[in-house]
Amino acid sequence: MDALLADLSSFDAAARTRALKEIAAAVKAGRIEREPVTKPWMNLHLHTFHSFNCNDWSPSRVVFEAWRIGLRYAGTVDFDTLAALAETRAAGAALGVPTVGGFESRVFLPEMKDAVINSPKEPGIYYLCGKGFPAPPKPGTPEGAFFAGMQETAQSRNRGVIERLNAFLGEVRLDYGRDVLPLTPSGNPTERHIVAAYHRVSEKTLGGRVDAFWSGVLGLPETETRALRTGRPAD
């Protein structure tokens with residue numbers, strides 16, 4: 001089962017498709033059990049590895065885990081892309097989970113520049129979600145151009161952030177193409193991937209000096225930077 005679940009989140013789409021087919025057959029045959037359903041829960045805001053998932057789960061794995069814990073409805077959202085949409089719907093159909101797919105983006109509203117909206121301590125910033133898309137937009141359409149532009153804006157911002165951080169951090173430097181872009185199968189990294197990449201590159205570059213380095217950067221005791229560096233988020 002572990003190998004099958006690993007394939008379910010492979011960056012190889014064909015491997016994910018094969019794994020989903022096997023898992024769906026096992027579910028239908030009763031070889032995989034779900035947790036008892038006590039009430040009709042739903043979660044329509046599940047991120048996948050197309051933007052950032054702390055477990056590197058694919059849309060198929062996200063939907064499978066939603067089925068396993070008894071969610072009545074499941075929905076995926078990723079930053080600035082609908083890359084998860086088709087797979088979310090396919091996994092939902094295979095496992096009998098009603099699903100929706102959508103996107104999330106971070107926008108600035110000039111007319112509310114002094115108001116905190118839904119991003120704590122960031123006046124004027126608004127996290128916008130779109131839900132319920134039937135299919136990804138086709139290239140060459142106005143909708144396709146909109147999403148392509150939104151993704152390019154986000155990636156341009158990422159490059160600018162890395163340029164400034166490289167200058168600030170000195171010996172710990174990222175190469176966007178080598179260290180960041182490969183972290184998602186759709187070339188859509190977020191600031192979370194940038195943090196993860198700096199974490200990995202700093203360990204490789206600094207070795208035993210890594211905790212002292214981040215202690216100096218963050219102004220925290222080394223014990224705290226070590227805890228931040230080695231800890232895992234709750235599942």
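The values are calculated or read from the model by the stated rules, or taken from the named source; none is laboratory data. Predicted model only: the values in this text are computed from it and were never measured. Quick reminder, even Gly has a Cβ in these numbers, built from the backbone with ideal geometry, and neighbours come from all protein chains shown. Side chains included, ligands, DNA and RNA excluded: accessible areas come from the protein's heavy atoms. Shrake-Rupley method; radii C 1.70, N 1.55, O 1.52, S 1.80 Å.
Among the residues of segment 203-216, none qualifies, meaning not one is surrounded by 15 or more Cβ atoms within 10 Å (Cβ to Cβ), in contact with a Leu (Cβ under 8 Å, 6 or more places away or on another chain) and closer than 27 Å to Asp12 by Cα.
Considering every residue within segment 129-136, establish whether at least one is over 21 Å from Thr76 (Cα atoms) and of a type in the set (Phe, Trp, Tyr).
Going residue by residue through segment 129-136, those that are over 21 Å from Thr76 (Cα atoms) are none.
No.
A quick yes/no check of all residues on (1) open to solvent by less than 10 Å² (accessible area, probe 1.4 Å); (2) of a type in the set (A, V, I, L, M):
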site	(1), (2)
Glu35	no, no
His45	no, no
Ser58	yes, no
Ile69	no, yes
Arg72	no, no
Ala83	no, yes
Glu87	no, no
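Taking residues in segment 91-102 that are crowded, with 19+ Cβ neighbours inside 10 Å, and partners anywhere that are charged (D, E, K, R) and modelled with pLDDT of 95 or more, the pairs with Cβ atoms closer than 7 Å and at least 6 places apart or on different chains are Thr99/Arg89; Gly101/Arg89.
Confirm whether Glu203 is of a type in the set (D, E, K, R), part of a helix (DSSP H, G or I) and touching a Ser or Thr at 6+ places or on another chain (Cβ under 9 Å).
Numbers: of a type in the set (D, E, K, R): yes; part of a helix (DSSP H, G or I): yes; touching a Ser or Thr at 6+ places or on another chain (Cβ under 9 Å): no.
So Glu203 fails the test.
Pairs meeting the criteria (first residue in segment 71-85 and without any contact (Cβ under 8 Å) to a residue 60 or more places away in the chain and within 7 Å of Gly101 (Cα to Cα), second residue among the basic types (Lys, Arg) and open to solvent by 20 Å² or more (accessible area, probe 1.4 Å), beta carbons under 8 Å, at least 6 apart or on different chains) are Gly75/Lys131; Val77/Lys131. Of all residues in segment 111-140, exactly one satisfies the criterion of being open to solvent by 70 Å² or more (accessible area, probe 1.4 Å) and β-branched (Val, Ile, Thr), namely Val116. If you go through segment 218-235 and pick out every residue that is assigned to a helix (DSSP H, G or I) and over 26 Å from the mean Cα position of the chain (by Cα), you end up with 2.
Looking across segment 5-52, just one residue is among the β-branched types (Val, Ile, Thr), over 15 Å from Gly96 (Cβ atoms) and part of a helix (DSSP H, G or I), and that is Thr17. Whenever a residue of segment 5-22 is more than 19 Å from Asn188 (Cα to Cα), its partners that are at pLDDT 95 or above and aromatic (Phe, Trp, Tyr), lying with C-beta atoms within less than 9 angstrom and at least six residues away or across chains, give the pairs Leu5/Phe64; Leu8/Trp57; Leu8/Phe64; Leu20/Phe64.
Residues in segment 160-200 that are assigned to a helix (DSSP H, G or I) and either out of contact with any Gly (no Cβ under 8 Å at 6 or more places or on another chain) or in contact (Cβ under 8 Å) with a residue 40 or more places away in the chain (or both): 27 in all. Please verify whether segment 4-18 includes one or more residues that are under 15 Å from Ala93 (Cα atoms), among the β-branched types (Val, Ile, Thr) and open to solvent by 60 Å² or more (accessible area, probe 1.4 Å). Checked against the condition, which is being under 15 Å from Ala93 (Cα atoms), among the β-branched types (Val, Ile, Thr) and open to solvent by 60 Å² or more (accessible area, probe 1.4 Å), segment 4-18 yields at least one hit.
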